[in-house]
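Notes follow the structure.
The values are calculated or read from the model by the stated rules, or taken from the named source; none is laboratory data. All of these numbers come straight from a predicted model, not from anything done at the bench. Positions of Cβ are generated from backbone atoms using ideal geometry, with glycine treated the same way; all protein chains shown enter the neighbour counts. With ligands, DNA and RNA removed, areas are computed over all heavy atoms of the protein, side chains included. Shrake-Rupley method; radii C 1.70, N 1.55, O 1.52, S 1.80 Å.
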Amino acid sequence: MEWIRSLRNSPAVAVIFASTLVAVMGVSLISPALPAVQEAWNISEAQASLLLSAFTLPGIFLTLPIGLLTDRIGRKPILVPALIVFGLSGGSIIFISDFTHILALRAIQGAASSAIIMLTVTLLGDLYSGEQRRVLIGTNAAILAVGAAGYPLLGGALATFSWSVPFACFPLALLVAVPGMTLLEEPHRNENNSNSSILEFLAGPTPMTPFVVLYLAILGIFVILYGAQLTAVPFLLANEFQLSSAGIGLLLGLPAVTMGVTAMQGDRVLQLLTSFQSIALGFVSYGIGLVIVAIADSIYVVAGALFLFGLGQGLAEPITDTALNERAPDEFRGSIMSIRTSVLRLGTTIGPPLTVGAATVFGYRHTLLLSGAGIFAFGVTWFTIKLFKYYL
């Protein structure tokens, strides 16, 4: 397989994949512990969800400057320190007894995580091209899915001992940073373009509409993922099905199974569909999954619906990364992918409070039902329009 050959030929791929596996801990490991956090600190659901929002908020503002910096000084000088900061700030939380200080550490950790997430995808675009790039980006998304499947199980199980135990896993990032110092490759940089400005590209002849559409799709993907799956679903499972943190973690890991399988087939999907058609189908699958969760009266029906949700994630998320990488000029890839990560973080930040806020008015079931129906209608409309244009 292509990704296995790449691992053999380039140790940098192993560092990139391991960095992705580390970065996804930030939310997936903590999400099933939210009910335990709420109980331990005697706070509201909205306050507990700040553990996710505080983590994602800094990326909205800091990722673009980081991306501009990586285009100037390189990828490795940013990625390795980001891994170290991620591990130390996350691990320190177990020693803190003030919730405000915990949120501050989560913000520092989230800034480092944004840099890691942005640089892993950027490096795959820098170091590889064509089919190999598409396969590796799909594999990276599948690895992310493995983490998203495993970490909720681990986080939920650890949270049964104490809300703080899952945070002890974060120093594992240091085990990736150390080999990264020697094994990570620095992409070749064209010195003739090193002084070019991203503003020159934005004001140039390249059409910006595909970039805008992809960024808006990324925003929607992560509002749905963090607002619906990682915030609303855990509280729904705890409140209406009386599941423990471990049970919630088990169910939250299910979408990652179908996401991983689908993401690994990204190159084949793009042989049958355009990138925009694939993303639109992803939203269709999201919508169906959310509607079924909203009306389900059995935990087994919820489980089946979450598999559909993962299918949508696999059709949409890695394809947006591939499409952006393929459209980005080499000298601006860091900046363009940093905008992607800023938009991603905006979605992950506003998703939880939007969902919890709506649920306080309508309840979790009605919130998921209405949002799922709207997402389904949007996806069908988008796919139909793109299919029509494709055959014109």
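Identify the residue in the stretch 123-133 that is open to solvent by less than 30 Å² (accessible area, probe 1.4 Å) and assigned to a helix (DSSP H, G or I) and, among all such residues, is nearest to F86 (Cα to Cα).
L123
Yes/no matrix, rows are residues, columns are (1) free of Cβ contacts under 8 Å to residues at least 24 places away in the same chain; (2) within 21 Å of L237 (Cβ to Cβ); (3) crowded, with 23+ Cβ neighbours inside 10 Å:
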site	(1), (2), (3)
D267	no, no, no
D297	yes, yes, no
Y300	yes, yes, no
F307	no, yes, no
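Can you tell me how many residues in the stretch 57-104 are surrounded by 20 or more Cβ atoms within 10 Å (Cβ to Cβ), more than 21 Å from G155 (Cα to Cα), in contact (Cβ under 8 Å) with a residue 40 or more places away in the chain and small (G, A, S)?
2
Are any residues in the stretch 43-56 open to solvent by less than 10 Å² (accessible area, probe 1.4 Å), more than 16 Å from L344 (Cβ to Cβ) and polar (S, T, N, Q), and if so, which ones?
Once the filter is applied, which keeps residues that are open to solvent by less than 10 Å² (accessible area, probe 1.4 Å), more than 16 Å from L344 (Cβ to Cβ) and polar (S, T, N, Q), the stretch 43-56 yields only S49.
Residues in the stretch 352-363: is at least one open to solvent by less than 10 Å² (accessible area, probe 1.4 Å), of a type outside the set (S, T, N, Q) and within 23 Å of M264 (Cβ to Cβ)?
For the stretch 352-363, residues open to solvent by less than 10 Å² (accessible area, probe 1.4 Å), of a type outside the set (S, T, N, Q) and within 23 Å of M264 (Cβ to Cβ): absent.
Among what's in the stretch 250-263 and is part of a helix (DSSP H, G or I), open to solvent by less than 70 Å² (accessible area, probe 1.4 Å) and of a type outside the set (S, T, Y), pick the residue that is nearest to E131 (Cα to Cα). Lay out the reasoning, then the answer.
Step one: filter the stretch 250-263 for residues part of a helix (DSSP H, G or I), giving 250-252, 254-263.
Among the residues that remain, those that are also open to solvent by less than 70 Å² (accessible area, probe 1.4 Å) are: 251-252, 254-256, 258-260, 262-263.
When the remaining residues are screened for being of a type outside the set (S, T, Y), the result is 251-252, 254-256, 259-260, 263.
Values: L251: 33, L252: 31, L254: 28, P255: 26, A256: 24, M259: 20, G260: 18, A263: 14 Å.
Going through the qualifying residues, I end up with A263.
Identify, from the list I319, I339, I279, the residue that is of a type in the set (A, V, I, L, M) and open to solvent by 10 Å² or more (accessible area, probe 1.4 Å).
On the way: I319 fails: open to solvent by 10 Å² or more (accessible area, probe 1.4 Å); I279 fails: open to solvent by 10 Å² or more (accessible area, probe 1.4 Å).
Only one candidate passes the filter, namely I339.
Are any residues in the stretch 35-59 under 28 Å from M118 (Cα atoms), touching a helix residue (DSSP H, G or I) at 6+ places or on another chain (Cβ under 7 Å) and modelled with pLDDT of 85 or more, and if so, which ones?
A48, L50, L51, A54, F55, P58
Within the stretch 29-42, can you find the residues that are open to solvent by 10 Å² or more (accessible area, probe 1.4 Å) and of a type outside the set (D, E)?
Within the stretch 29-42, P35, A36, Q38, A40, W41, N42 qualify.
How many residues are closer than 11 Å to L83 by Cα and among the hydroxyl-bearing types (S, T, Y) if we restrict to the stretch 16-40?
Of the residues in that region, 2 qualify.
What pairs come up if the first residue lies in the stretch 338-350 and is within 12 Å of T320 (Cα to Cα), the second is open to solvent by 10 Å² or more (accessible area, probe 1.4 Å) and modelled with pLDDT under 85, and their beta carbons are under 7 Å apart, counting only those six or more places apart or on different chains?
none
Could you please find all residues in the stretch 153-186 being in a helix (DSSP H, G or I) and β-branched (V, I, T)?
At the first step, the residues of the stretch 153-186 found to be in a helix (DSSP H, G or I) are 153-159, 165-183.
V165, V176, V178, T182, listed by residue number.
Can you find a residue that is among the aliphatic types (A, V, I, L, M), open to solvent by 30 Å² or more (accessible area, probe 1.4 Å) and in contact with a Pro (Cβ under 6 Å, 6 or more places away or on another chain) anywhere in the stretch 157-180? Write out each step before concluding.
Kept after step one, since they are among the aliphatic types (A, V, I, L, M), are these residues of the stretch 157-180: 157-159, 165, 168, 172-178.
Narrowing the set further to residues that are open to solvent by 30 Å² or more (accessible area, probe 1.4 Å) leaves 157-158, 165, 168, 172, 174-175, 178.
Filter again for in contact with a Pro (Cβ under 6 Å, 6 or more places away or on another chain), leaving 158.
For the stretch 157-180, residues among the aliphatic types (A, V, I, L, M), open to solvent by 30 Å² or more (accessible area, probe 1.4 Å) and in contact with a Pro (Cβ under 6 Å, 6 or more places away or on another chain): present.
When both residues are 6+ apart or on different chains and their Cβ atoms are under 7 Å apart, which pairs have a first residue that lies in the stretch 30-55 and is over 22 Å from G91 (Cβ atoms), and a second that is small (G, A, S) and at pLDDT below 85?
P35/S245
Could you please find all residues in the stretch 375-388 being open to solvent by 40 Å² or more (accessible area, probe 1.4 Å) and either closer than 17 Å to Y286 by Cβ or in contact with a strand residue (DSSP E or B) (Cβ under 7 Å, 6 or more places away or on another chain) (or both)?
Initial filter on the stretch 375-388 (open to solvent by 40 Å² or more (accessible area, probe 1.4 Å)): 376-378, 380-381, 383-388.
Answer for the stretch 375-388, where residues must be open to solvent by 40 Å² or more (accessible area, probe 1.4 Å) and either closer than 17 Å to Y286 by Cβ or in contact with a strand residue (DSSP E or B) (Cβ under 7 Å, 6 or more places away or on another chain) (or both): F376, A377, F378, V380, T381, F383, T384, K386.
Out of the residues in the stretch 203-249 that are open to solvent by 40 Å² or more (accessible area, probe 1.4 Å), not hydrophobic (A, V, I, L, M, F, W, C) and not in a helix (DSSP H, G or I), which is farthest from I336 (Cα to Cα)?
In this case the residue turns out to be Q242.
Quick one: would you say G374 is under 26 Å from L270 (Cβ atoms), touching a residue at least 12 places away in the same chain (Cβ under 8 Å) and part of a helix (DSSP H, G or I)?
When the stated conditions are applied, G374 does not pass them.
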